[in-house]
Amino acid sequence: MSHPDADQFPVRTLGGPTALFEYGGLRFLTDPTFDGPGEYPSAGPTLTKTAPATATPADLGPIDVVLLSHDEHADNLDTSGRALLADVPLTLTTPGGGERLGERARGLSDWEAVALDRPGGGTLSVTAVPAVHGPGPRADVEPFTGQVVGFVLTGAGLPTVYVSGDNASLDAVRETAERFAPVDTALLFAGAPRFPVLFGGGLLVLDSAQAAEAARILDARRVVPVHHDGWAHFTEGRGELEAAFAAAGLTARLDRDWRAHA
């Protein structure tokens, strides 16, 4: 299979799960989180943000599409992020989030795809893919952490892009790989977040070794790690990710811009 250049578009990581990239002439933003450091109560444990985002919504310019893994936790959508959604034409998210977030949001079930018009003509496709926000089967996890969704972006002459969302399941990655591998760029949510009171301290999102294994499963040419900094419940960061990819022999697949900002 012939791949477009995996480095043909930059991905700007902004802290936590938030990243900005242009694809097919459209500007995409993942899980908007721009509030300052502090404590954020939730239906479960209190979330503690330890560092600000590296940009504000005003710094970003117009956004065409938000890819939102879920809307129920402040470390994926906070107050500033919700305000930003009002100025974005389309937010793609979970079925439940599509109902909660209003008319500009569209909820997608697993494997449901939406075609988006490209500014220069033609379309690109965004397909919802499985994600599980915790250890174990989805049916056991969702009552505590809610629905989550990942995304795959494809289009004629465009690279294949995977956005994992808050996923802890390598089985979900395998399901996605069966349909879409090899992947040109993978935005992998990592950080090994845990809370002792949830699932016995089990992983809520991939740890570093699992992120490297996900890259292998996807045959990803380029990996941009996100969701590994800025929050106290993230138990692994850049150092652990670099070590895990080195141990797997996959250092060259880590995005060179991400590595450059060590």
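For region 13-53, a residue qualifies if it is in a loop (DSSP other than H, G, I, E, B), surrounded by 21 or more Cβ atoms within 10 Å (Cβ to Cβ) and not aliphatic (A, V, I, L, M), and the qualifying residues are 16, 17, 24, 31, 32, 33, 34.
Does residue 98 count as without any contact (Cβ under 8 Å) to a residue 24 or more places away in the chain and under 19 Å from the mean Cα position of the chain (by Cα)? Give the steps one after another, and end with the answer.
On the way: without any contact (Cβ under 8 Å) to a residue 24 or more places away in the chain: yes; under 19 Å from the mean Cα position of the chain (by Cα): yes.
Yes, satisfied.
Across region 209-228, the number of residues qualifying as out of contact with any Leu (no Cβ under 8 Å at 6 or more places or on another chain) and surrounded by fewer than 19 Cβ atoms within 10 Å (Cβ to Cβ) comes to 2.
Based on this model, can you work out whether residue 124 counts as under 20 Å from residue 14 (Cβ atoms), at pLDDT 95 or above, in a strand (DSSP E or B) and out of contact with any Pro (no Cβ under 7 Å at 6 or more places or on another chain)?
Judged against the criteria, residue 124 is not a match.
If the condition is being in a helix (DSSP H, G or I) and not hydrophobic (A, V, I, L, M, F, W, C), then region 78-117 contributes 79, 80, 81, 82, 95, 96, 97, 98, 99, 100.
Tell me, which strands (runs of 3 or more DSSP E) lie completely within region 150-262 with 1 or more residues that are at negative phi and hydroxyl-bearing (Ser, Thr, Tyr)? Spell out how you get there, then give the answer.
Numbers: elements: 150-154, 161-163, 185-189, 222-226.
It comes to 150-154, 161-163, 185-189.
Please tell me if residue 245 is at pLDDT 95 or above, under 28 Å from residue 34 (Cα atoms) and among the aromatic types (Phe, Trp, Tyr). Step through it out loud before you land on a result.
Numbers: at pLDDT 95 or above: yes; under 28 Å from residue 34 (Cα atoms): no; among the aromatic types (Phe, Trp, Tyr): yes.
When the stated conditions are applied, residue 245 does not pass them.
Within region 232-262, the set of residues being out of contact with any Pro (no Cβ under 7 Å at 6 or more places or on another chain), in contact (Cβ under 8 Å) with a residue 40 or more places away in the chain and among the aromatic types (Phe, Trp, Tyr) is empty. Evaluate the following for residue 190: is it touching a residue at least 24 places away in the same chain (Cβ under 8 Å) and either more than 18 Å from residue 220 (Cα to Cα) or surrounded by 19 or more Cβ atoms within 10 Å (Cβ to Cβ) (or both)? Answer is yes for this residue. Any residue at all in region 186-202 that is under 23 Å from residue 13 (Cα atoms), touching a Pro at 6+ places or on another chain (Cβ under 6 Å) and aliphatic (A, V, I, L, M)? Within region 186-202, one or more residues are under 23 Å from residue 13 (Cα atoms), touching a Pro at 6+ places or on another chain (Cβ under 6 Å) and aliphatic (A, V, I, L, M). Restricting the first member to region 69-85 and to residues that are more than 19 Å from residue 109 (Cα to Cα), and the second to residues that are surrounded by fewer than 23 Cβ atoms within 10 Å (Cβ to Cβ) and among the β-branched types (Val, Ile, Thr), the beta-carbon pairs closer than 9 Å and six or more apart or on different chains are 73/145; 80/56; 84/63.
Could you check region 208-242 and list, in sequence order, the residues that are of a type in the set (Asp, Glu) and at pLDDT below 95?
Filtering region 208-242 down to residues of a type in the set (Asp, Glu) leaves 213, 219, 229, 236, 240, 242.
Listed by number, the residues that qualify are 229, 236.
Residues in region 75-95 that are within 17 Å of the chain's Cα centre (by Cα) and either surrounded by 21 or more Cβ atoms within 10 Å (Cβ to Cβ) or acidic (Asp, Glu) (or both): 10 in all.
Taking the conditions (1) within 15 Å of the chain's Cα centre (by Cα); (2) in contact (Cβ under 8 Å) with a residue 40 or more places away in the chain; (3) under 27 Å from residue 74 (Cβ atoms) in turn, residue 195 satisfies each one other than (1).
The values are calculated or read from the model by the stated rules, or taken from the named source; none is laboratory data. Just so it is clear, the model here is predicted, and its values are computed rather than measured. Cβ coordinates were reconstructed from backbone atoms using ideal geometry, including for glycine residues, and neighbour counts include every protein chain displayed.
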